[in-house]
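Visitor: A single structure is presented below for examination.
The values are calculated or read from the model by the stated rules, or taken from the named source; none is laboratory data. Quick caveat: nothing in here was measured; it's all calculated off a predicted structure. No Cβ is skipped: glycine too gets one built from the backbone with ideal geometry, and neighbour counts run over all protein chains shown. Note: accessible area is taken over every heavy atom of the protein model, side chains too, but ligands, DNA and RNA are not part of it. Shrake-Rupley method; radii C 1.70, N 1.55, O 1.52, S 1.80 Å.
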Amino acid sequence: MRRPIPPLAALALWGFAAQAQEAPNFGEAPFSETRPFVLTEIAEMNSPWALAFLPDGRALVTEHEGALLLLRPTGEKLKVSGVPPVAYGGQNGLFHAAPSPRFAETGEIYFTYAEPGEGGSGPALARAKLVEAEGAARLEDLAVLWRQEPKGGGGHPGAIIAFDPSGESLFLTVGDRQRMAPAQDPDQALGKILRLTLDGAAAPGNPWEAEGGVRALIWSTGHRNPYGLAFAPDGRLWSHEMGPQGGDELNLIKAGANYGWPEVSYGVHYGGRAIPKPPARPEFTEPALYWAPVIAPAGLTFYQGDLFPDWRDSALIGALAGEGIVRVAFDRAEGARQLDRWSFETRIRDVETAPDGSVWAIEDGSPGRVWRLTPAERAPTP
Ligand SMILES: [Ca+2]
């Protein structure tokens, strides 16, 4: 017969177990008292959604209604023609554009948008060549590499692209389009992170490659609305996603892992209906950290520049509801902790590291803005 555990010791053990299993919550963290950067407005934009840098220091900036622009650090804009029609409304529109890992040779870019069609719209991934001549820019040789079928209603598109550091494959977030259950359906792309070849086929080595169809495209499962996806300098892939009421997550993305939506969450459904917390279902992968109340994360970049040496290897995350930028640092044992939370007093939709080491951030809205962050002058040390 087992000896009964004294109540206080049991409580302590339970406390330790709970601590060991539950991801840390950063929802109530206060704003940092000082900002180590100054902000310079680069340009006013019409509902800017996402940005990515070309090797020459210009940014590809999407506007949600369907415009794609090349933006110089001076604020000069050049509109790129040839973007296909997008289904614009609510969370749908033009999403994310990024240069191919082979951009220097091919001039190709990849972009995502809500493709209109029978029944509504669906997220789509396209590739095209960016051609510039006589001061104008256009897309040529457009090919839609992947599209969600069947089309339908709903927001939560995800639609963020990240290229594998090898340059041989790409990862694409696909949100649950506010339908929830498909995130656990292995035959639907909704609520998944896909891994594709640069031509949009199932990438060799995917966990369900042998099963074919949609399954062969899937890298990870059980996501809600991931608006951030990026590789860390150590080669690990991270994503964040918006929870419902509470429960925004930062996840270390592993092949074949299931991140639990909508079966578990640190949040509750809108209206307050409970959802089991992740430790209740050990088959689901816990987030590295979560926010309740939410920050509504959007945009993710791992800082590797020289202008902010204190930020090297940490992640910068935009916050819509959180109205600012969050900095997260990592340790070797998969741990992540929020170190800074800077208030912008406005919704931040995306954040990226520029080739010169400055950080650019998108202020959400119409008009919205693109901001440049450079180091604040420090008081001279005596
Ligand atoms: Ca989850």
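Visitor: Can you list the HN-Hα couplings for region 204-218, worked out from phi with the Karplus curve (6.51, -1.76, 1.60; θ = phi - 60°), rounded to whole Hz and with x for Gly and Pro?
Guide: Whole-Hz 3J(HN,Hα) from phi for region 204-218: x, x, 4, x, 10, 4, 5, 7, x, x, 4, 4, 5, 8, 7.
Visitor: Rounded to the nearest 20 Debye, what is the dipole magnitude of region 11-375 about its Cα centre when Lys and Arg each give +1 and Asp and Glu each give -1 at the C-beta?
Guide: Working: 31 positive and 46 negative charges, 87 e Å.
That gives a dipole near 420 debye.
Visitor: Still on this structure, please answer the following. Summarise the accessible area of region 11-375 (1.4 Å probe, protein heavy atoms) by the percent that is carbon and sulfur.
Guide: Carbon-and-sulfur percentage of accessible area, whole number: 50.
Visitor: Roughly how many whole Å is it from the C-alpha centroid of region 76-108 to that of region 241-320?
Guide: Here the answer is 27 Å between Cα centres.
Visitor: With Kirkwood's inverse mean 1/r over C-alpha pairs for Rh, give me the Rg to Rh ratio of region 184-343, two decimals please.
Guide: Using only Cα positions, Rg/Rh for region 184-343 is 0.98.
Visitor: How long are the semi-axes of the equivalent ellipsoid of region 11-375, taking √(5λ) for every eigenvalue λ of the Cα gyration tensor, in whole Å from largest down?
Guide: Listed largest to smallest, the semi-axes of region 11-375 are 30, 25, 19 Å.
Visitor: Net charge near Pro165: determine it from the other residues with C-beta under 11 Å of the C-beta of Pro165, scoring Lys and Arg +1 and Asp and Glu -1. All intermediate terms of the calculation are to be shown ahead of the outcome.
Guide: Numbers: positive: Arg236; negative: Asp164, Glu168, Asp234.
Within the 11 Å Cβ shell, the charges total -2.
Visitor: Run down the lysines and flag those whose C-alpha is under 27 Å from the C-alpha of Lys129, throwing out any fewer than 8 positions away in its chain.
Guide: Lys77, Lys79, Lys151
Visitor: Considering only protein heavy atoms, what per residue accessible area in square angstrom results for region 29-106 with a 1.4 angstrom probe?
Guide: 45
Visitor: Okay, next question. Arg327: net charge of surrounding residues, Cβ under 12 Å, Lys/Arg +1, Asp/Glu -1, itself excluded?
Guide: +1
Visitor: Out of residues 5 or more away from Leu289 or on other chains, whose amide H comes under 5 Å of its own, with H placed 1.01 Å from N in the peptide plane?
Guide: The answer is Leu250.
Visitor: Between helix 7-21 and the chain, what is the angle of the helix's C-alpha long axis to the longest principal axis, kept within 0 to 90° and rounded to the nearest 10?
Guide: 20
Visitor: Summing Lys, Arg as +1 and Asp, Glu as -1, what charge do residues with Cβ under 13 Å from the Cβ of Gly90 carry, Gly90 excluded?
Guide: Computed value for this residue: 0.
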